[in-house]
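This report refers to the structure that appears directly beneath it.
The values are calculated or read from the model by the stated rules, or taken from the named source; none is laboratory data. Please read these numbers as outputs of a predicted model, since none were measured by experiment. Cβ atoms come from the backbone with ideal geometry, glycine included; neighbour counts cover every protein chain shown. With ligands, DNA and RNA removed, areas are computed over all heavy atoms of the protein, side chains included. Shrake-Rupley method; radii C 1.70, N 1.55, O 1.52, S 1.80 Å.
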Amino acid sequence: MSATVTGSTMVRIEQLDKSFGPHQVLFDIDLEVAAGETVCLIGPSGSGKSTLLRCINHLEDINYGSITVDDELIGYRLEKGRLHELREKEACSKRVEIGMVFQHFNLFPHMTAVENVSFAPMKVKGEDRASARAYARELLARVGLSGKEDFYPSQLSGGQQQRVAIARALAMRPKLMLFDEPTSALDPELVGEVLAVMKDLALTGGITMIVVTHEMGFAREVGDRVIFMDAGRIVEQGPPEQVLGEPEHERTRAFLSAVLR
Amino acid sequence: MTQNIQGLDHTATTPTPLPRGHRKVVPVRHYGRMLLAVVVVVIVVGSVIGIANNPNFDWSIVGEFVFSPSILRGLGSTLLITIVSMVVAVILSVIIAVMRMSPSTIISSVAAAYVFIFRGIPLIVLLILVGNLGLFIKDIVIGIPFTDIVFIDTPAARLVTPFVASVLGLSLAGAAYMAEIMRSGLLAIGRGQREAAKALGLNSARTLRYIVLPQALRVIVPPMGNEFIGMLKASAIVSVIAGGDLLTVAQGIAGTNYRTIELLIVATIWYLLVIVIFSIGQHFLEKRTAER
């Protein structure tokens with residue numbers, strides 16, 4: 001759907017295993033995402049889709065396999081065939097290129113909207129206050145929040161907060177955006193405004209997006225590819241009309257009939 | 001019960017409406033409560049009059065000593081001991097709290113043991129122990145172990161003056177309590193905040209400084225104010241090691257003129273006054289940190 005999918009690979013996941021203690025949640029995941037592509041991850045809760053997303057920017061460590069973003073290993077360094085977990089400082093510098101939007105927004109409650117957005121560019125990238133603020137205002141305008149710059153998160157609706165959170169992630173000028181169920185915590189009437197911002201981003205931004213979502217309409221309309229996960233494995237993937245319209249697997253059909261009712 | 005069931009039954013006859021007209025509402029009168037209030041007032045007023053007119057209290061003595069230079073000096077050292085102990089305790093408690101949350105079991109166990117020991121020892125015992133440090137530690141030597149490099153080597157009795165012992169005892173004990181307050185404050189900040197900061201590329205020191213601490217302060221400040229008041233009151237206990245504080249001075253004067261009660265009243269007046277002033281400041285500080 002996006003006009004900007006190029007040939008190069010943005011995310012490459014190979015043979016990824018992930019366990020929480022004795023409980024394995026991801027099994028041998030292989031996945032490539034092209035630069036500019038919008039991929040929607042769907043599946044029942046507990047299927048491992050959120051964990052997979054969190055592994056991509058190393059909010060979770062992994063047990064086996066590798067993840068590269070823009071041909072750079074994330075969270076690890078390859079040495080003599082083994083992956084060594086990076087020290088915090090190195091891991092941080094790689095995260096800068098990956099934006100993340102959380103289910104519960106996780107805005108900083110003691111900062112206004114514009115402070116939330118301009119904070120990381122100033123502290124992490126060392127941008128000066130004036131230009132960071134100017135860009136923050138620009139981004140807030142882009143997500144439709146002009147005039148709300150000096151509001152605190154508690155003074156904003158859930159949909160507005162999530163749009164601030166999207167602007168905050170964009171402020172770091174990421175190559176890749178990860179959305180972890182961005183509309184699941186919202187009241188139904190506020191879902192649309194957030195999806196509209198994400199759609200705009202997918203269609204005009206040229207940015208690579210991986211979206212964990214339960215919004216099948218969004219996946220169908222905006223996704224270049226839909227991936228259905230269940231029990232820690234990728235069950236099937238393909239263009240939205242195929243996966244959502246004519247799913248090959250019984251589990252996909254069962255899931256879709258449950259959510260589409 | 002049967003009435004409720006009838007109420008659900010739509011075929012039941014509707015109750016006859018109340019007659020229209022005068023409907024002034026009369027609240028219940030709590031006669032017992034009024035009587036109790038009268039009794040309480042009688043007891044309070046009686047006690048106050050009794051104390052004020054007690055021929056054994058000489059209020060002129062109180063007036064004479066409230067602003068006496070030695071009492072004011074005692075008040076000064078009480079404030080100094082309290083403030084220095086508070087500062088040392090706050091710093092120590094942050095270290096203990098961070099150690100307590102360390103992923104290393106050894107480090108967190110040491111912090112837990114510290115909290116257990118210094119919360120467990122009665123403050124008066126701890127102060128007497130520290131005050132008599134010279135009895136069981138002859139020399140204080142600070143250097144690098146197993147080498148000949150030595151930075152400080154003095155007799156303990158000279159280094160540990162009553163003032164130092166007071167500050168040491170109060171801050172060691174205070175830090176044990178405050179460490180738990182700090183820890184609960186830091187834990188009150190949800191994982192989502194740290195993750196959001198992490199995802200933006202902030203390291204953990206900056207996350208603590210800019211994201212966690214400013215929010216944790218809101219949780220920490222009110223109980224810390226109470227700790228300060230507690231520290232001020234606990235500082236009176238240093239009189240057992242002649243800490244030179246307000247109570248030590250008041251007792252010293254009472255020892256010469258035998259006006260024990262009057263001088264305790266003088267000390268009480270000052271303690272209450274300082275606490276009132278501090279409570280006002282605490283109120284404004286809480287209001288400030290509670291915003292947002």
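Flag: A:Lys175 matches the condition of being surrounded by fewer than 24 Cβ atoms within 10 Å (Cβ to Cβ) and touching a residue at least 40 places away in the same chain (Cβ under 8 Å).
The single condition among (1) open to solvent by 50 Å² or more (accessible area, probe 1.4 Å); (2) away from chain B (no Cβ under 11 Å); (3) closer than 22 Å to B:Arg209 by Cα that A:Gly147 does not satisfy is (3).
When the strands (runs of 3 or more DSSP E) confined to region A:17-109 are screened for residues that are at pLDDT 85 or above, crowded, with 17+ Cβ neighbours inside 10 Å and within 14 Å of another protein chain (Cβ to nearest Cβ), those reaching at least 2 such residues are found at A:98-101.
Under the condition of being at negative phi and open to solvent by 40 Å² or more (accessible area, probe 1.4 Å), the residues counted in region A:226-237 number 3.
Among the candidates B:Arg158, B:Arg194, the residue that is open to solvent by 70 Å² or more (accessible area, probe 1.4 Å) and under 30 Å from A:Leu53 (Cβ atoms) is uniquely B:Arg194. Within region B:119-129, is even one residue open to solvent by less than 70 Å² (accessible area, probe 1.4 Å) and either at pLDDT below 90 or farther than 20 Å from B:Val238 by Cα (or both)? Checking region B:119-129: not a single residue is open to solvent by less than 70 Å² (accessible area, probe 1.4 Å) and either at pLDDT below 90 or farther than 20 Å from B:Val238 by Cα (or both). Evaluation of B:Gly201 against the conditions (1) within 12 Å of chain A (Cβ to nearest Cβ); (2) in contact (Cβ under 8 Å) with a residue 60 or more places away in the chain; (3) not in a helix (DSSP H, G or I) shows that the sole unmet condition is (2). Scanning region A:203-217 for residues that are within 11 Å of A:Phe179 (Cβ to Cβ) and open to solvent by 10 Å² or more (accessible area, probe 1.4 Å) turns up just one, A:Glu215.
Screening B:Ser235 with (1) open to solvent by less than 20 Å² (accessible area, probe 1.4 Å); (2) within 30 Å of A:Ala185 (Cα to Cα) gives one miss only, at (2). Screening region A:166-261 for strands (runs of 3 or more DSSP E) wholly inside it with 3 or more residues that are closer than 19 Å to A:Val101 by Cα returns the ranges A:176-180, A:208-212. Residues considered: B:Ile140, B:Ile189, B:Ile211. Of these, the only one that is in a strand (DSSP E or B) and either within 14 Å of another protein chain (Cβ to nearest Cβ) or at pLDDT below 85 (or both) is B:Ile140.
Evaluation of B:Ile61 against the conditions (1) under 28 Å from B:Val249 (Cα atoms); (2) crowded, with 16+ Cβ neighbours inside 10 Å; (3) at pLDDT 90 or above shows that the sole unmet condition is (3). Does B:Ser184 satisfy being on the phi < 0 side of the Ramachandran plot, among the hydroxyl-bearing types (Ser, Thr, Tyr), buried (at least 20 other Cβ atoms within 10 Å of the Cβ) and under 27 Å from the mean Cα position of the chain (by Cα)? Spelling it out, it is not the case that B:Ser184 is on the phi < 0 side of the Ramachandran plot, among the hydroxyl-bearing types (Ser, Thr, Tyr), buried (at least 20 other Cβ atoms within 10 Å of the Cβ) and under 27 Å from the mean Cα position of the chain (by Cα). From the list A:Asp128, A:Asp200, the lone residue that is within 19 Å of the chain's Cα centre (by Cα), surrounded by fewer than 23 Cβ atoms within 10 Å (Cβ to Cβ) and more than 13 Å from every other protein chain (Cβ to nearest Cβ) is A:Asp200.
Test A:Phe179 against the stated conditions and say whether it is within 14 Å of chain B (Cβ to nearest Cβ), farther than 29 Å from A:Glu60 by Cβ and modelled with pLDDT of 95 or more. Spelling it out, it is not the case that A:Phe179 is within 14 Å of chain B (Cβ to nearest Cβ), farther than 29 Å from A:Glu60 by Cβ and modelled with pLDDT of 95 or more.
Suppose we filter region B:63-88 for residues that are under 22 Å from B:Ala179 (Cα atoms) and in contact with a Leu (Cβ under 6 Å, 6 or more places away or on another chain); how many remain? So the answer is 2.
Scanning region B:214-226 for residues that are at the interface with another protein chain (Cβ under 10 Å from one of its Cβ atoms) and either without any contact (Cβ under 8 Å) to a residue 60 or more places away in the chain or in a loop (DSSP other than H, G, I, E, B) (or both) returns B:Pro214, B:Gln215. Just one of (1) of a type in the set (Val, Ile, Thr); (2) under 20 Å from B:Gly174 (Cβ atoms); (3) at pLDDT below 90 fails for B:Ile229. It is (3).
Here B:Asn56 meets the list (1) of a type in the set (S, T, N, Q); (2) open to solvent by less than 70 Å² (accessible area, probe 1.4 Å); (3) not in a helix (DSSP H, G or I) almost entirely, failing just condition (2). Residues in region A:112-125 that are in contact with a Lys or Arg (Cβ under 8 Å, 6 or more places away or on another chain) and open to solvent by less than 10 Å² (accessible area, probe 1.4 Å): 6 in all.
Just one of the listed residues (B:Ser70, B:Ser85, B:Ser108, B:Ser104) is surrounded by fewer than 10 Cβ atoms within 10 Å (Cβ to Cβ) and of a type outside the set (Asp, Glu), and it is B:Ser104. One residue stands out among those in region B:238-266 that are without any contact (Cβ under 8 Å) to a residue 24 or more places away in the chain and open to solvent by less than 30 Å² (accessible area, probe 1.4 Å): the one that is farthest from B:Leu129 (Cα to Cα), which is B:Ala254.
When A:Arg163, A:Arg137 are screened for being buried (at least 19 other Cβ atoms within 10 Å of the Cβ) and in a helix (DSSP H, G or I), only A:Arg163 passes.
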